[in-house]
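Contents: one structure, followed by commentary.
The values are calculated or read from the model by the stated rules, or taken from the named source; none is laboratory data. Everything numeric here is computed off the predicted structure, so don't read it as measured data. Here the Cβ positions follow ideal geometry from the backbone for every residue, glycine too, while neighbour counts run over all protein chains shown. For the accessible areas, the whole protein counts, side chains as well, though only heavy atoms, and no ligand, DNA or RNA atoms are used. Shrake-Rupley method; radii C 1.70, N 1.55, O 1.52, S 1.80 Å.
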Amino acid sequence: MRREVRILLVGDDGVGKSTLITSLTRETYVSDLPHVVPEVTIPPEITPENVTTHIVDSGLGVNVPIILVGSKIDLRGDQITNQSLEDEIIPIMNEFKEVETCVECSAKQPLNVSEVFYFAQKAVLHPTAPLYDSREHVLKPACIEALKRIFNLCDCDKDGVLNDDELNEFQRKCFNAPLQQQELEGVKEVVKEHESAGVNDVGLTELGFLFLHTLFIQRGRLETTWTVLRKFGYGDDLSLREDFLHPLFEVPRDCSVELSPSGYQFFTEIFQVFDKDKDGALKDSELVQLFSTSPGDPWVNSDFPHTTITNDAGAVTLQGWLAQWSMTTLLDYKTTLSYLAYLGFEGDTRMALKVTKPRKADRKRNKVQRNVFLAYVFGAAGSGKTSLLKAFVNKPFANGYTPTMRSFCAVNSVEIKGAEKYLVLQEFGSKYEAEILQNKRKMEACDLLCFVFDSSDVNSFSYVVELRKRHNLDNYPTVFVATKSDSDLVQQRNEDQPDVYCRALGLSGPVSVSVKKQQTADLWNHLVGVAINPVLATPGLAGSAHESSRVKKYLTFTAIMGALGGAAFLGYRLYQQQRGFGNISKRDIL
């Protein structure tokens, strides 16, 4: 709600505008006044709505609320009755929609002086025009849309009805006070009396919720509806406020953003609510309903759900759902912030996020404590980058080659030493790789570089070697991957063969994989292991024989632990599925 109100008094000369202002401020009638009095500022502590109020005795606003004031009531004769005045005023209010209300007053007596300015404040703070069509006596479409969204957010069990618990939670959120059972029954009785379909055996329907707010407005209680709207982030134009969707959230350079435990808990709980058939996955219809309180699917321009884990029917699993939001938060935390607001996160949405320590500082200490890592995947056209990313999220291998025309990402969780981490793999297509490598901010955002070459193509390895030479990439943790190991190995047309080249950089040799044969050689654990201990795979830092030995030992240990952990984790998930979807571990949430 705005903290300042400006009230302009407009009227013919001599109607008493200046006298009205002076009578308010001096609390007495003053007969001898200048034609126009200076602007008056009333401090918030002495106004009913606790807002600073500026009263101006001049000018005329355009498209602002108007209070029609009948002054000098003390001079009115007996021949003018309330009915005759009402007969004249009502047509004016019907014709001019800007007129919010009408009040009679006398600065001399004084009578209704403070009420004039109170109603003026209300007209600004709780205007009728955005909510209600006074001519048709119905809620306006934008108001209906906003109230329906609020109803859906408050309908926690998504049964289309607000039961007593949900109504009380709504009351607590908006007005900080629950309703007694007798009061709840009274509200439902009023609705049922006027709108039979507004209440059923469970509670208040959407139609009943809309009727209640229509009733509030018709009875002059606009502040009730406006309080509800503002609690749910709406501004005076009935759109969600910018500060509600995108609150100030500072991220220092070289830092990244992850979901906090409360963020993971929120997305886990909303997944469970909308998984209506309790099959452990969200199908298209369930996703549509989940995003109904937002502008829609935030990943509509990406390849979702092919970017994450799905079941055989293509529905997103809980693992894939949390992984997708982990990736979104890492790559574009502003989208996550806005969708936390759209989807009904309780309280400050910034509490669902956390900022990590700077990457360079972590690398110097060789102690990375983050949970979400970003690897850029580079390689010649046809080297198998896209197939590798799809294998990461368990998508089937497809024969044939389709060039990558835009950025493609894949994300999945990886078990490392008993802890669940998230790895995001991003490729850009060989046509755009040089552009990315020249973008300093883009390169600062990644945790490691993954260079892919086709072990059956004699020219494939030289492409990544030339790419490294042109862009001086020795300061980035690096992993080489040899794809298509199921095909015949060929001699690469390069001065050094891949193993020799890697040893010269102080790195372990290329990881050989075959996506076609579903042989990935614990590559995912290898990549996350490098991200956690970047010094072990950064050319120049890992160049000594001693460091090279450490690299092999650490990555071998990581692969073994990853395999064991992965098997245990898979068994655990199968066990949980057998027990029922409702039994989700702390690890699934955090």
Q) Just checking, how many residues over the stretch 275-321 are open to solvent by 70 Å² or more (accessible area, probe 1.4 Å), out of contact with any helix residue (DSSP H, G or I) (no Cβ under 8 Å at 6 or more places or on another chain) and either assigned to a helix (DSSP H, G or I) or among the basic types (Lys, Arg) (or both)? A) 5
Q: Consider GLY280 carefully, then state whether it is within 16 Å of GLY314 (Cβ to Cβ), out of contact with any Pro (no Cβ under 6 Å at 6 or more places or on another chain) and of a type outside the set (S, T, N, Q).
A: yes
(Q) Give me the residue from the stretch 358-391 that is farther than 20 Å from SER430 by Cα and hydrophobic (A, V, I, L, M, F, W, C) and, out of that set, farthest from the chain's Cα centre (by Cα). (A) ALA361
Q. Considering SER462, SER430, SER508, SER487, which residue is within 16 Å of ALA537 (Cβ to Cβ), in contact (Cβ under 8 Å) with a residue 24 or more places away in the chain, among the polar types (S, T, N, Q) and not in a strand (DSSP E or B)?
A. SER508
Q: Any chance you could count how many residues in the stretch 356-398 are polar (S, T, N, Q), surrounded by fewer than 20 Cβ atoms within 10 Å (Cβ to Cβ) and closer than 17 Å to THR478 by Cβ?
A: 1
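Per-residue answers, yes or no, for (1) under 30 Å from LEU9 (Cβ atoms); (2) open to solvent by less than 30 Å² (accessible area, probe 1.4 Å); (3) of a type in the set (A, V, I, L, M):
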{"position": "ALA107", "(1), (2), (3)": "yes, yes, yes"}
{"position": "VAL113", "(1), (2), (3)": "yes, yes, yes"}
{"position": "TYR118", "(1), (2), (3)": "yes, no, no"}
{"position": "VAL161", "(1), (2), (3)": "no, yes, yes"}
**Q.** Flag if TYR432 is open to solvent by 20 Å² or more (accessible area, probe 1.4 Å) and closer than 28 Å to ASN475 by Cβ
**A.** yes
Q. Any residue in the stretch 292-299 that is of a type in the set (A, V, I, L, M, F, W, C), in contact with a strand residue (DSSP E or B) (Cβ under 8 Å, 6 or more places away or on another chain) and in contact (Cβ under 8 Å) with a residue 12 or more places away in the chain?
A. no
Q.
Looking only at the stretch 33-55, count every residue that is more than 25 Å from LYS108 (Cβ to Cβ) and open to solvent by 80 Å² or more (accessible area, probe 1.4 Å) and tell me the total.
A. 2
Q. Given the conditions (1) surrounded by 17 or more Cβ atoms within 10 Å (Cβ to Cβ); (2) out of contact with any His (no Cβ under 6 Å at 6 or more places or on another chain); (3) at pLDDT 95 or above, and given that GLN272 satisfies all but one, which numbered condition is not satisfied?
A. (1)
Q) Within the stretch 346-355, how many residues turn out to be assigned to a helix (DSSP H, G or I) and open to solvent by less than 60 Å² (accessible area, probe 1.4 Å)? A) 2
Q: Could you list, in sequence order, all residues of the stretch 205-248 that are open to solvent by 40 Å² or more (accessible area, probe 1.4 Å) and farther than 25 Å from GLU195 by Cβ?
A: ASP236, ASP237, SER239, ARG241, GLU242, ASP243, PHE244, HIS246, LEU248
Q. List, please: which pairs have Cβ atoms under 9 Å, are six or more places apart or on different chains, and start with a residue in the stretch 162-184 that is over 20 Å from LEU207 (Cβ atoms) and end with one that is of a type in the set (Ser, Thr, Tyr) and surrounded by 12 or more Cβ atoms within 10 Å (Cβ to Cβ)?
A. PHE175/THR224; PHE175/THR227
Q: Inspect the stretch 259-267 for any residue being in contact with a Ser or Thr (Cβ under 8 Å, 6 or more places away or on another chain), surrounded by 18 or more Cβ atoms within 10 Å (Cβ to Cβ) and under 24 Å from ASN371 (Cα atoms) and give the result as yes or no.
A: yes
